[in-house]
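See below for the structure under consideration.
The values are calculated or read from the model by the stated rules, or taken from the named source; none is laboratory data. Keep in mind it's a predicted model, so treat the numbers as computed, not measured. Don't worry about glycine lacking a Cβ; one is built from the backbone with ideal geometry, like all the others, and counts go over all protein chains shown. Heads up: the accessible areas ignore ligands, DNA and RNA and are worked out on the full protein's heavy atoms, side chains in. Shrake-Rupley method; radii C 1.70, N 1.55, O 1.52, S 1.80 Å.
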Amino acid sequence: MGELPTDGQVRPITRWGEPVMHRRCRPVEAYDAELATLVADMVATMRAADGVGLAANQIGVDLQVFVYSCPDADQVIQEGVVCNPTLELPTGSERRLEEAEEGCLSLPGAYAKCPRPDTAVVRGFDVSGQPIVVSGTGMLARCLQHETDHLQGVVFADRLSQRVRRQLFRDAEAVAERYGPRWPAE
């Protein structure tokens, strides 16, 4: 979906529990220099944290935009920016769930198996406001779903059983000292 910017500043990642992480974000209305700077900072932050995707609310910005740099089912890295995403998932006989380990940069160091459809399509707009469609398989399908969820105020723990969720939080607590409050910007 085009090259990602390389001139951003790394920002601290917002953690689960912060209000911006648990409410629907505002739609992008202005495709301007401010949005381009935000996207560049998101890319720099995602890369500094070794992530495959990052939503704006994960750096404390209440806007419906995410970036991704993620392999598809063929292990080809796909990169892009999606503003105001609408997620389309397969239904009926086309729907196949894949249970795979999932993590989140806003709860660093903890992972849990989370079932998700193995394909996904996101429709939205690029950083210039041009309409785009991103089709994903493999990890990219999971990433598109995960990041779109963020912009709707959903964290992946919301999709887990209470037992698995409790273990996820214990695992995060066990490694919390590795991730200071300004991680990965520190």
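Assorted remarks:
- Among the residues examined, residue 60 qualifies as on the phi > 0 side of the Ramachandran plot and under 15 Å from the mean Cα position of the chain (by Cα).
Residue by residue, here is whether (1) free of Cβ contacts under 8 Å to residues at least 24 places away in the same chain; (2) of a type in the set (A, V, I, L, M, F, W, C); (3) in contact with a helix residue (DSSP H, G or I) (Cβ under 9 Å, 6 or more places away or on another chain); (4) surrounded by fewer than 16 Cβ atoms within 10 Å (Cβ to Cβ) holds:
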| residue | (1), (2), (3), (4) |
| --- | --- |
| 148 | no, no, no, no |
| 151 | no, yes, yes, no |
| 157 | no, yes, yes, no |
| 160 | no, yes, yes, no |
| 167 | no, no, no, yes |
| 173 | yes, no, no, yes |
| 180 | yes, no, no, yes |
| 184 | no, no, yes, no |
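- Criterion violated by residue 47 - all others in (1) out of contact with any strand residue (DSSP E or B) (no Cβ under 9 Å at 6 or more places or on another chain); (2) of a type outside the set (Gly, Ala, Ser); (3) open to solvent by 50 Å² or more (accessible area, probe 1.4 Å) satisfied: (1)
One line per residue, one yes/no per condition, for (1) out of contact with any strand residue (DSSP E or B) (no Cβ under 9 Å at 6 or more places or on another chain); (2) among the aromatic types (Phe, Trp, Tyr); (3) at pLDDT 95 or above:
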{"residue": "137", "(1), (2), (3)": "no, no, yes"}
{"residue": "146", "(1), (2), (3)": "no, no, yes"}
{"residue": "150", "(1), (2), (3)": "no, no, yes"}
{"residue": "154", "(1), (2), (3)": "yes, no, yes"}
{"residue": "165", "(1), (2), (3)": "no, no, yes"}
{"residue": "170", "(1), (2), (3)": "no, no, yes"}
{"residue": "186", "(1), (2), (3)": "yes, no, no"}
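- Filter result for the condition that a residue is closer than 25 Å to residue 176 by Cβ and of a type in the set (Ser, Thr, Tyr), over 86, 37, 45: 45
- Of the criteria (1) in a helix (DSSP H, G or I); (2) of a type outside the set (A, V, I, L, M); (3) within 15 Å of the chain's Cα centre (by Cα), which one residue 15 fails: (1)
- Checking every residue in segment 22-41 against the condition of being under 12 Å from the mean Cα position of the chain (by Cα), surrounded by 21 or more Cβ atoms within 10 Å (Cβ to Cβ) and in contact (Cβ under 8 Å) with a residue 12 or more places away in the chain gives zero matches.
- Selection of segment 18-54 for residues being among the small types (Gly, Ala, Ser) and part of a helix (DSSP H, G or I) yields 33, 36, 40, 44, 48.
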